[in-house]
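Just below is one structure, and these are the notes that go with it.
All of the numbers you see were taken from the coordinates with simple rules; none came from a lab. Note that the structure is a prediction, hence the values are computed from the model and not measured. Glycine also receives a Cβ, built like all others from the backbone with ideal geometry; neighbour counts cover every protein chain displayed.
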Amino acid sequence: MLIRELLAKRGDAPVQTIEPECTLFDLSVKLRKHDIGALLVVDGRNTVVGVVSERDVVRAITKFDDGLVRTPVADIMTRSVITCAPGDDVVDTLELMNRKHIRHMPVLDQGKPLAMISIREFDSICRHLQVQSRTDELTGLANRRYFLEMLETEIARSRRYHTPLSLAILDIDHFKHINDTLGHDAGDTVLCDLGKLLVRELRTFDGIGRLGGEEFAILFANTPAANAKLACERLISAIRAREVITSDGSTRYTASFGLTDAGTDTPDGQALLKAADKLLYQAKNEGRNRVVARQTDPQSDPMPGFHDSTSPTASCEAREVTPYTAT
């Protein structure tokens, strides 16, 4: 994002300035009136000659014992001004402000004052950009890059504390048919519906991401494959029960799952993702609407209390779920 894009989000509020001959009383009135923390100081030719802030006023209180309100702005303003331009990058500008310990920075366009931006404003927009960089725009879930970061973190934690870790990849069955018959808007509605279902049905600490297209992934931390398989089978049932209402008609859909756990020989997240993806294709080839699972440690016991403590231990072999038949 560029500085001009940041300023566009503000609207058309004009930049507030003050002349160096004005008094601190004039300065205080203007800061309060516009509810801002700093002003650009400009001369008669509208050239920036300094910056003055609330912090400068506070410092002046201890410096000028008498006649504070009549003290000219020129006596307390910062004369060495670092500026930026509308075409500068937001992140680069924020790094410069942090490095130089600058709280307010003027934006100049061909030498003329355009705006004043604050470090708080930059922090807010950078946090927003960080969220955007990690989030799938359509579903609001973690995007592929951020999900892979979470996966690597959980693999490292699993190795360190010797705890189980399972990964599932799921894919909407015949998704192209939904797009071809009802349109891409309906397809997007189905994707959003599945994203909301996953968030609702899974635990708050299960990692959920959209890898791309109609493919999603679930990270079951501290969970062996047998327990994760129970969760996937419940998800399959919940998905089959869904009827999605779109602007172009209603539809139902199913999903196929590939599930694996991280063994001691798992080198990294990409390898684990590849193993789960291979099992997903096996589920597709065997008829879809099912989960195919692999457990690297068949001796590991399911964790009691995961989703349903009374559920019997599930086999880690593929188990077919009765296919949904469209009416």
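Hey, what angle do you get for helix 144-161 against the long axis of the chain, alpha-carbon based, 0 to 90 degrees rounded to 10? It works out to around 70 degrees. Summary of packing: across the peptides 265-275, 210-220, 153-163, the per-residue average of other C-beta atoms within 10 Å ranks them, highest first, as 210-220, 265-275, 153-163. Quick note on the range 135-320: its Rg to Rh ratio, both from C-alpha atoms and Rh being the Kirkwood radius, is 0.96. The count of lysine pairs in the chain with alpha-carbon distances below 21 Å, taking only pairs 8 or more places apart or on different chains, stands at 10.
Can you show me the helix-derived [θ] at 222 nm for the chain, built from DSSP H runs with n ≥ 4 at -39,500 (n - 2.57) apiece and divided by the number of residues, rounded to the nearest 500. Walk me through the numbers on the way to the answer.
Numbers: 10 runs with 131 residues, N = 327.
Mean residue ellipticity, 222 nm, calculated: -12500 deg cm²/dmol.
For the range 3-129, the Cα-based Rg and Dmax, in that order, read 14.7, 47 Å. Please determine, in degrees from 0 to 90 and to the nearest 10, the orientation of helix 24-34 with respect to the longest principal axis defined by the Cα atoms of the chain, where the helix direction is its Cα long axis. Computed tilt is about 30 degrees.
Legend: ranking of residues 284, 112, 33 from fewest to most surrounding C-beta atoms inside 10 Å; resulting order 33, 112, 284. The percentage of C-alpha pairs in the chain whose separation is greater than 36 Å is 45%.
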